[in-house]
Amino acid sequence: MVKCSPQLLSRTFAALADPTRRHILEHLAHGDRCVTDLARPYAMSLPAVSKHLRVLEDAGLIRRRRKGRVHRLKLEAAPMKQASQWIEEYRRFWEGSLDRLDEYLKKLQTKEKKMSTKNSPIKQTAGRKVTVTRVIQAPCGLVYRAWTEPKQLAQWFSPEEVECRSLSADVRVGGSYRVHMVSKNGDHIAIGTYKQIVPNERLQFTWQWEHYAMPDSVVTVDFEDLGKTTRLTLVHEGFPDQEDSDQHNHGWNSLVAKFAALIEQNRIKS
C-alpha cells in the first residue's frame, strides 16, 4: 500500500480538476515558460491566469524561478506521481467508469473551495482597496454622461495601451454591463451589475472578469461638482488578494488618466 499525504492528494486532485490548469501543465511538460507565455493562449485576464498558477504552486505541481522581473515556471512531477500510484491501487473501482472519478474530483474541488472561503472570510478583504482621485477639467454633467452613456463609454473605457473592442451597458439599478478589452496579453472581459445610481453624484457597480469570479468586488465612482471642473473619486473594494489589488490599481489609474485626457481634449463624442 503506497502511503501518500491526504492533504497532498487533495491539493493535487483539486488543482488537476480545472481544465485550464491541466492545459498549463501540458505546456510546461514541453519546457519552462514565463508567466506571459502561459497566459497568451487564454481569453482571460492576467490576474485570472496568476490565480491558476498559485493553485498549481500550492499543490507543488509547478515551481517558480525569478530572474529580475521575469518569472519562469517549471513542472514538478512528484505530486502527480504519487497521485498516479494512489489511483493505480484503486483502479479496479474505477475501471470502465471514468465518470465516477470525475465526480470524485469535482467533490474534492467543491470541498477545497468551501475550505478556502471558510479560511478567508470577507472581512479579510476589507483592507484591500484601490482609490483613484482626480480633478477633471470638465463640468460634472459632461463627466457623468461619459460614464453612463454606452456610446461614450465605448470610446474610452479601458486602460492606456488597451483597446476597448466592444461595450454594452444597461445603466439602471439591476442592469448589467459587459466590456471586451484587448491587450498584448489577449482578451479581457469585465462584467458586472449596477447597484446604485445617483445622477451627477454617484455610480456603483459590481466588477469581475468573465473567467475569474470576484464575488465581493464593488466599484464606486463619486462625482463632485466644482463648477467648471469635477472631482472624480473611484474606489474599488473587495479584492480576493493583494496581487489582484495591485494589478487593478495600475489599471484604474491608467484608465482614469486616459479618460481625463480625452474629455479635456473634447475627444469623447455623444
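Could you go through the stretch 250-260 and let me know if any residue there is more than 16 Å from LYS129 (Cα to Cα), within 18 Å of the chain's Cα centre (by Cα), assigned by TED's automatic domain parsing to the domain that holds GLU160 and surrounded by 17 or more Cβ atoms within 10 Å (Cβ to Cβ). There is at least one residue in the stretch 250-260 that is more than 16 Å from LYS129 (Cα to Cα), within 18 Å of the chain's Cα centre (by Cα), assigned by TED's automatic domain parsing to the domain that holds GLU160 and surrounded by 17 or more Cβ atoms within 10 Å (Cβ to Cβ).
Candidates ASN200, ASN185: the one that is touching a residue at least 60 places away in the same chain (Cβ under 8 Å) and closer than 17 Å to SER50 by Cβ is ASN185. So if I check each of HIS71, HIS27, HIS52, which one is in a helix (DSSP H, G or I), at pLDDT 80 or above, surrounded by 14 or more Cβ atoms within 10 Å (Cβ to Cβ) and more than 18 Å from the chain's Cα centre (by Cα)? Among HIS71, HIS27, HIS52, only HIS27 is in a helix (DSSP H, G or I), at pLDDT 80 or above, surrounded by 14 or more Cβ atoms within 10 Å (Cβ to Cβ) and more than 18 Å from the chain's Cα centre (by Cα).
Here's a check for you: in the stretch 219-239, which residue that is outside any strand (DSSP E or B) and in contact with a strand residue (DSSP E or B) (Cβ under 9 Å, 6 or more places away or on another chain) is nearest to PRO139 (Cα to Cα)? Before you say what the answer is, go through the steps one by one.
From the stretch 219-239, those outside any strand (DSSP E or B) are 226-229, 238-239; that's our starting set.
Filter again for in contact with a strand residue (DSSP E or B) (Cβ under 9 Å, 6 or more places away or on another chain), leaving 226, 229, 238-239.
On the way: LEU226: 8, THR229: 5, GLY238: 30, PHE239: 32 Å.
Among them, the one singled out is THR229.
For the stretch 31-45, a residue qualifies if it is in a helix (DSSP H, G or I), surrounded by fewer than 18 Cβ atoms within 10 Å (Cβ to Cβ) and not polar (S, T, N, Q), and the qualifying residues are VAL35, ASP37.
Run down VAL130, VAL143 and say which single residue is crowded, with 16+ Cβ neighbours inside 10 Å, part of a helix (DSSP H, G or I) and in contact (Cβ under 8 Å) with a residue 24 or more places away in the chain. If you could, list the steps in order and put the result at the bottom.
Numbers: VAL130 fails: part of a helix (DSSP H, G or I).
The conditions single out VAL143.
Would you be able to say whether some residue in the stretch 148-168 is buried (at least 17 other Cβ atoms within 10 Å of the Cβ) and assigned to a strand (DSSP E or B)? Scanning the stretch 148-168, I find at least one residue that is buried (at least 17 other Cβ atoms within 10 Å of the Cβ) and assigned to a strand (DSSP E or B), so the answer is yes.
The values are calculated or read from the model by the stated rules, or taken from the named source; none is laboratory data. Keep in mind that what you see is a predicted model, and the values were worked out from it rather than measured. Positions of Cβ are generated from backbone atoms using ideal geometry, with glycine treated the same way; all protein chains shown enter the neighbour counts.
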